Amino acid sequence: MSEPQNKTSQRVMLIRHGETDWSLTGRHTSVTDLPLTVEGERRSTALAPFLRSWNFGLVLCSPRLRARRTCELLGCGPQAQITQDLCEWNYGKYEGLTTAEIRKSVPSWTVFSQPCPGGESAEDVSVRVDRVISQVREFGGDTLLVAHAHCLRVLTARWLGLSPEAARFFNLETGRWSLLGYEHECPVIKVWSAPPA
């Protein structure tokens with residue numbers, strides 16, 4: 001990852017897409033392209049007034065429908081650059097399953113500790129989000145990223161200089177915003193998983 005151009009003032013807002021039927025029921029969702037629920041649309045729309053006071057010079061969004069729709073409802077759709085690097089962790093054969101269902105055959109499984117057959121590892125996701133972080137730091141100004149829980153959690157761990165597995169410590173709910181930045185030139189989390197202001 002590259003070093004930031006402006007270590008004192010850059011802010012990076014993360015927004016997890018709004019609720020879907022699968023996120024509501026705890027089903028692992030990566031490549032399945034689901035729409036937002038009515039509640040997911042409502043919560044995403046509720047964030048829009050808060051974002052009007054921000055001036056994002058860079059907006060990056062996952063290509064998945066749920067992220068793109070969230071970005072549109074936030075009022076940032078036309079400005080957004082779509083990037084595959086913000087796709088959700090590919091769960092392979094675990095797509096659509098809950099953790100409880102996976103643990104019937106793999107006790108104590110977590111996405112951070114054991115592989116997803118036919119999908120991605122933590123290191124695979126880290127490679128992608130490291131590219132996003134390099135792009136954001138090279139840009140140097142306020143940035144908005146609209147994506148998915150596991151992807152944004154790994155990105156946060158990497159922003160802090162931690163291993164991708166450290167993402168297990170960051171719970172991120174649907175339709176919530178978080179803010180990364182710097183404190184005395186050190187990468188920090190300024191706000192985490194906050195509801196609409």
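Bear in mind that the values in this text are calculations on the coordinates, not laboratory data. Every value quoted in this text rests on a predicted model; they were computed, and no experiment measured them. Note that we place each Cβ from the backbone using ideal geometry, even for glycine, and neighbour counts take in every protein chain shown.
Annotation: the stretch 130-176 has a Kirkwood hydrodynamic radius of 11.3 angstrom, from the mean reciprocal C-alpha pair distance. Charge tally around N171: other residues with Cβ under 14 Å, Lys/Arg +1 each, Asp/Glu -1 each, net +3.
Here is the list for the stretch 60-142: trypsin sites (Lys or Arg not before Pro) lying in DSSP coil, each with at most 16 other C-beta atoms within 10 angstrom of its C-beta, are K104.
Here the chain carries DSSP beta bridges of which approximately 50% are antiparallel, counting only pairs with both residues inside. Put a dot 7 Å past the Cα of D21, heading toward its Cβ, do the same for T8, and the two dots end up 5.2 nm apart.
Mean residue ellipticity at 222 nm, helices only, the chain: -9000 deg cm²/dmol; runs of at least 4 DSSP H residues each add -39,500 (n - 2.57), and the sum is divided by the number of residues. The phi torsions of the stretch 77-86, fed into the Karplus equation with coefficients 6.51, -1.76 and 1.60 and a -60° offset, translate into couplings of x, x, 7, 6, 9, 7, 9, 4, 5, 9 Hz, rounded to whole numbers, with Gly and Pro shown as x. Near A194: Cβ cut-off under 13 Å, other residues only, Lys/Arg at +1 and Asp/Glu at -1. The net charge is +3. FRET efficiency for the Q84 to S121 pair, using the beta carbon distance and R₀ = 22 Å, is estimated at 0.85. Label-to-label distance for D33 and F169 is 3.7 nm, based on points extended 7 Å past Cα in the beta-carbon direction.
Taking 0.36 nm per residue of separation and subtracting the Cα-Cα distance, full extension of the segment from L162 to E138 would add 6.7 nm. How far, in degrees from 0 to 90, does helix 149-159 lean away from the longest principal axis of the Cα atoms of the chain, to the nearest 10? Roughly 50 degrees between the two axes. Computed 3J(HN,Hα) for the stretch 166-175, one whole-Hz value per residue from the Karplus formula 6.51 cos²θ - 1.76 cosθ + 1.60 where θ = phi - 60°, is 5, 4, 4, 7, 10, 7, 9, 7, 5, x, glycine and proline marked x. Taken over the chain, the convex hull of the Cα atoms encloses 102 Å³ per residue.
Taking other residues whose beta carbon is less than 14 angstrom from the beta carbon of E41, and scoring Lys, Arg as +1 and Asp, Glu as -1, yields +1. Grab the Cα-Cα distance for K104 and F50, subtract it from 0.36 nm times how many residues apart they are, and report the gain in nm with one decimal. Full extension from K104 to F50 adds 15.2 nm. Highest mean packing first, where packing is the average number of other Cβ atoms within 10 Å per residue, the peptides 33-45, 176-188, 16-28, 152-164 line up as 152-164, 16-28, 33-45, 176-188. Here the Karplus relation 6.51 cos²θ - 1.76 cosθ + 1.60, evaluated at θ = phi - 60°, turns the backbone of the stretch 26-38 into coupling constants of x, 7, 5, 10, 10, 7, 5, 8, 9, x, 6, 6, 4 Hz, with x for every Gly and Pro.
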